[in-house]
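Contents: one structure, followed by commentary.
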Amino acid sequence: VTDGAGREFRLVLTTQAQRAEEARTSSLSSSDSSRPLSASAFPDTLPGTEYGPDRGIRLSAVWLMHDPAYPESLPAAPLVRYTYTEAGELLAVYDRSNTQVRAFTYDAQHPGRMVAHRYAGRPEMRYRYDDTGRVVEQLNPAGLSYRYLY
């Protein structure tokens with residue numbers, strides 16, 4: 001992928017099976033789960049856009065591969081990295097320093113239903129849903145909450 005400034009990015013896509021195997025092998029070979037990933041840690045798996053049933057393919061990392069303004073100073077780590085639950089739900093987002101910057105929580109009774117999210121250093125935002133699965137309230141412990149009517 002190339003942006004308007006001529007920077008080239010590599011999108012790393014993985015399947016649920018690849019993520020499970022990576023987790024299994026890293027837990028067997030190392031007690032340090034925060035070890036940095038290399039650009040070749042996961043192969044690309046999707047050649048184009050596809051719509052239909054969820055096949056478990058997820059964006060795992062974004063690498064800067066070329067920057068015309070700074071061609072000699074490419075980062076040694078991905079710009080962003082994503083982790084997922086066993087069900088394929090987005091669990092956390094990490095920046096290039098491997099610092100977690102977002103976290104997500106899901107309802108175990110309703111797969112895919114996000115019930116909370118948090119930015120690093122900020123209060124957790126929680127969500128309530130009606131019986132049809134629509135968000136009816138967004139709750140912030142700092143007092144700024146919203147109600148939604150349909």
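The values are calculated or read from the model by the stated rules, or taken from the named source; none is laboratory data. Computed from a predicted structure; not experimentally measured. Note: ideal-geometry Cβ built from the backbone for every residue, glycine included; neighbour counts use all protein chains shown.
For R118, are the conditions met, namely being farther than 27 Å from R55 by Cβ, out of contact with any Gly (no Cβ under 8 Å at 6 or more places or on another chain), part of a loop (DSSP other than H, G, I, E, B) and charged (D, E, K, R)? It is false that R118 is farther than 27 Å from R55 by Cβ, out of contact with any Gly (no Cβ under 8 Å at 6 or more places or on another chain), part of a loop (DSSP other than H, G, I, E, B) and charged (D, E, K, R). Taking the stretch 42-88 as the range and being modelled with pLDDT under 90, among the aliphatic types (A, V, I, L, M) and farther than 22 Å from H117 by Cα as the test, only L46 passes.
Count of the stretch 114-150 residues, restricted to those that are of a type in the set (D, E, K, R) and touching a His at 6+ places or on another chain (Cβ under 9 Å), is 2. A20 passes every criterion in (1) of a type in the set (A, V, I, L, M, F, W, C); (2) within 30 Å of Y129 (Cβ to Cβ); (3) at pLDDT 90 or above apart from (3).
Please go through the stretch 125-137 and give me each residue that is surrounded by 15 or more Cβ atoms within 10 Å (Cβ to Cβ) and within 23 Å of A92 (Cα to Cα), ordered by number. Result: M125, R126, Y127, Y129, V135. The set of residues from the stretch 135-150 being part of a loop (DSSP other than H, G, I, E, B) and more than 23 Å from the chain's Cα centre (by Cα) comprises P141, A142, G143, L144, S145, Y148, L149, Y150.
Among all positions in the stretch 58-68, there is no residue which is out of contact with any Gly (no Cβ under 7 Å at 6 or more places or on another chain), surrounded by fewer than 16 Cβ atoms within 10 Å (Cβ to Cβ), part of a loop (DSSP other than H, G, I, E, B) and not charged (D, E, K, R).
Checking the stated criteria, E89 turns out to be in the same structural domain as D3 (by TED's automatic domain parsing) and either loosely packed, with under 11 Cβ neighbours inside 10 Å or under 30 Å from L11 (Cβ atoms) (or both). Residues being closer than 24 Å to R19 by Cα, in contact with a helix residue (DSSP H, G or I) (Cβ under 8 Å, 6 or more places away or on another chain) and not in a loop (DSSP other than H, G, I, E, B) are entirely absent from the stretch 93-111.
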